[in-house]
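This report refers to the structure that appears directly beneath it.
The values are calculated or read from the model by the stated rules, or taken from the named source; none is laboratory data. Remember, predicted model here, so these are calculated numbers, not experimental data. Positions of Cβ are backbone-derived with ideal geometry, glycine not excepted, and every protein chain shown enters the neighbour counts. Quick note on the areas: whole protein, heavy atoms, side chains included, nothing else; ligands and nucleic acids left out. Shrake-Rupley method; radii C 1.70, N 1.55, O 1.52, S 1.80 Å.
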Amino acid sequence: NIAAIGAYSVAAGSCTLSGSPVLIQRPATGNGSGDLCVFSVSGLSSSYTFTVSGPPAPDITIINREPLGLGIVHLTLLVPATAATGPRTLFVTNPAGDEAAGSGSIEVQ
């Protein structure tokens with residue numbers, strides 16, 4: 001399961017886990033990125049599959065997964081200017097096919 005999701009600061013190399021949605025800003029044009037970290041008490045691996053919910057044709061993709069230790073993974077999202085706004089769910093699937101979801105854990109603005 002997903003215990004917490006938070007903002008990740010690339011400059012500081014730090015993760016701030018919280019119960020609030022992580023705000024992801026769409027760029028005015030082109031593509032931008034957003035960084036977040038995900039924690040599970042049972043541990044997460046960068047080899048797991050991570051996806052973000054969205055419209056029928058997914059508009060946000062995960063372009064990097066980095067293990068931070070202690071069951072935490074840093075994710076970098078590719079966010080196009082055309083991404084739909086609103087709440088999103090983060091899905092995590094392990095190699096056995098078990099899936100967990102962090103509903104409303106990401107807010108695209």
Subset of region 53-63, residues open to solvent by 70 Å² or more (accessible area, probe 1.4 Å) and in a strand (DSSP E or B), comes to I63
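Check whether at least one residue in region 10-27 is touching a His at 6+ places or on another chain (Cβ under 6 Å) and not in a loop (DSSP other than H, G, I, E, B), and report yes or no.
No: zero hits.
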Of the residues that make up region 45-52, is at least one outside any strand (DSSP E or B), of a type in the set (A, V, I, L, M) and surrounded by 13 or more Cβ atoms within 10 Å (Cβ to Cβ)? no
Tell me which residues, restricted to region 27-44, are open to solvent by 40 Å² or more (accessible area, probe 1.4 Å) and either hydroxyl-bearing (S, T, Y) or modelled with pLDDT of 95 or more (or both). A28, T29, G30, N31, S33, S42
Can you tell me which of (1) surrounded by 13 or more Cβ atoms within 10 Å (Cβ to Cβ); (2) free of Cβ contacts under 8 Å to residues at least 40 places away in the same chain; (3) not hydroxyl-bearing (S, T, Y) is the one P21 doesn't meet? (2)
Counting just the residues of region 58-82 that are among the hydrophobic types (A, V, I, L, M, F, W, C) and touching a residue at least 40 places away in the same chain (Cβ under 8 Å), which one comes out farthest from T16 (Cα to Cα)? A81
In region 69-82, what residues are of a type outside the set (S, T, Y) and open to solvent by 70 Å² or more (accessible area, probe 1.4 Å)? L70
Filter region 83-109 down to the residues that are farther than 11 Å from S53 by Cα and free of Cβ contacts under 8 Å to residues at least 40 places away in the same chain, then identify the one that is least open to solvent (accessible area, probe 1.4 Å). G97
In region 68-88, is there at least one residue being of a type outside the set (G, A, S), touching a Phe, Trp or Tyr at 6+ places or on another chain (Cβ under 8 Å) and more than 21 Å from G13 (Cα to Cα)? no
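Within region 1-16, how many residues turn out to be open to solvent by 70 Å² or more (accessible area, probe 1.4 Å) and more than 14 Å from T89 (Cα to Cα)?
Adding up the residues that qualify gives 4.
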Which numbered condition in (1) over 18 Å from Q109 (Cβ atoms); (2) free of Cβ contacts under 8 Å to residues at least 40 places away in the same chain; (3) out of contact with any strand residue (DSSP E or B) (no Cβ under 9 Å at 6 or more places or on another chain) is the only one that P55 fails? (1)
